[in-house]
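The values are calculated or read from the model by the stated rules, or taken from the named source; none is laboratory data. Predicted model, so just to flag it, every value in this text is computed and none were measured. Cβ placement follows ideal geometry from the backbone for every residue including glycine, while neighbour counts extend to all protein chains displayed. The protein model used for the area step is the full one, side chains on, heavy atoms only, and it has no ligands, DNA or RNA in it. Shrake-Rupley method; radii C 1.70, N 1.55, O 1.52, S 1.80 Å.
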Amino acid sequence: MGSPKLILASASPRRRELIARLGIVPDAIAPAEIDESPLKGELPRDYAVRMAREKAMAVGGEGHILAGDTVVAVGRRILPKAEDEATARHCLELLSGRRHRVLSAIALRSPDGALREKLSETSVRFKRLSEEEIAAYLASGEWHGKAGGYAIQGAAEGLIAWIEGSHSGVVGLPLFETRALLKSAGFDIG
Ligand SMILES: Cc1cn([C@H]2C[C@H](O)[C@@H](COP(=O)(O)OP(=O)(O)OP(=O)(O)O)O2)c(=O)[nH]c1=O
């Protein structure tokens with residue numbers, strides 16, 4: 001018997017590319033529209049898991065539904081997705097020269113209603129960023145729409161001194177956790 005059907009509840013091309021590295025092509029892609037505001041006092045990891053779960057619940061269709069959510073946190077503080085340059089600058093100034101965490105949660109809803117979740121946690125440290133480095137990175141535009149105002153899969157990796165955890169998790173879909181979750185749901189993965 002082949003693998004069950006998979007629906008990827010995501011608008012992110014990066015999640016599609018990452019899951020392809022496991023040899024999986026989703027049967028359908030269905031972006032989840034949900035309210036992504038954190039609750040008052042919500043911890044970063046709780047927020048990431050809740051978002052992944054809500055995305056998996058928001059999408060319909062026949063098959064297993066996989067969703068993910070990636071959150072950048074400094075201590076208990078959840079950084080925004082940078083939609084404008086001022087926000088991106090603010091994030092980069094905050095991340096400069098210090099360690100932060102990237103929480104990447106995934107949720108898989110099975111046709112029988114069962115919901116499985118996993119969380120990947122990665123520590124990342126940027127070098128101390130000079131004004132020139134920040135200005136050049138802002139000019140690249142790569143921060144646009146990214147949690148925490150950077151994308152490790154682009155030029156920002158040249159500014160990252162150290163990472164411990166899951167590189168794919170930082171990009172948006174932790175492959176170790178995703179493979180384990182899909183396998184436990186009966187997917188045929190080599
Ligand atoms: C830190 C970091 C974030 N990001 C991106 C991934 C996500 O686009 C974004 C986190 O937002 P998410 O809400 O996790 O994902 P999304 O809105 O892009 O897609 P969807 O909800 O439809 O699945 O930040 C990177 O691409 N690279 C990085 O290094």
Review point. So in the chain, what percent of DSSP beta bridges are antiparallel if you round to the nearest 5?
Key: 85 percent
Practice item. Go through region 114-126 residue by residue and turn each phi into a ³J(HN,Hα) via Karplus (6.51, -1.76, 1.60, θ = phi - 60°); whole Hz please, and just put x for glycine and proline. Key: 5, 10, 10, 9, 9, 10, 10, 10, 10, 9, 9, 10, 7
Exercise for review: Sort the following peptides by mean Cβ neighbour count (other Cβ atoms within 10 Å, averaged over residues), highest first: 62-70, 5-13.
Suggested key: 62-70, 5-13
Check your understanding: What part of the accessible area of region 4-153, given as a whole %, is carbon or sulfur when the probe is 1.4 angstrom?
Key -> 49 percent
Point to revise | Karplus (6.51, -1.76, 1.60) ³J(HN,Hα), θ = phi - 60°, over region 14-30, in Hz, Gly and Pro reported as x | key: 5, 5, 5, 5, 5, 5, 4, 5, 8, x, 10, 10, x, 6, 8, 10, 9
Study note, to complete from the structure: For the chain the mean separation of alpha carbon contacts under 8 Å (6+ apart) over residue count, i.e. relative contact order in percent, is 24 percent
Review point. Got a sec to turn the phi values of region 72-85 into Karplus ³J(HN,Hα) couplings, 6.51 cos²θ - 1.76 cosθ + 1.60 with θ = phi - 60°, whole Hz, x for Gly and Pro?
Key: 9, 10, 10, x, 8, 8, 8, 7, x, 7, 6, 9, 9, 5
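Which order do peptides 87-97, 17-27, 162-172 fall in by mean Cβ count within 10 Å, highest first?
162-172, 87-97, 17-27
Once the Cα gyration tensor of region 6-184 is diagonalised, what are the square roots of 5 times its eigenvalues, in whole Å and ordered largest first, as equivalent ellipsoid semi-axes?
After scaling each eigenvalue by five and taking roots: 29, 16, 15 Å.
Are there any trypsin sites (Lys or Arg not before Pro) in region 102-184 that are in a DSSP loop and have at most 16 other Cβ atoms within 10 Å? List them by number.
Here the trypsin sites (Lys or Arg not before Pro) that fit, given the DSSP loop and packing criteria, are K127, R128.
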Practice item. Enumerate the amide H contacts of F126 below 5 Å, restricted to partners 5 or more residues apart or on another chain; note that Pro and chain-start residues carry no placed amide H. Key: G97, R98, H100, A161
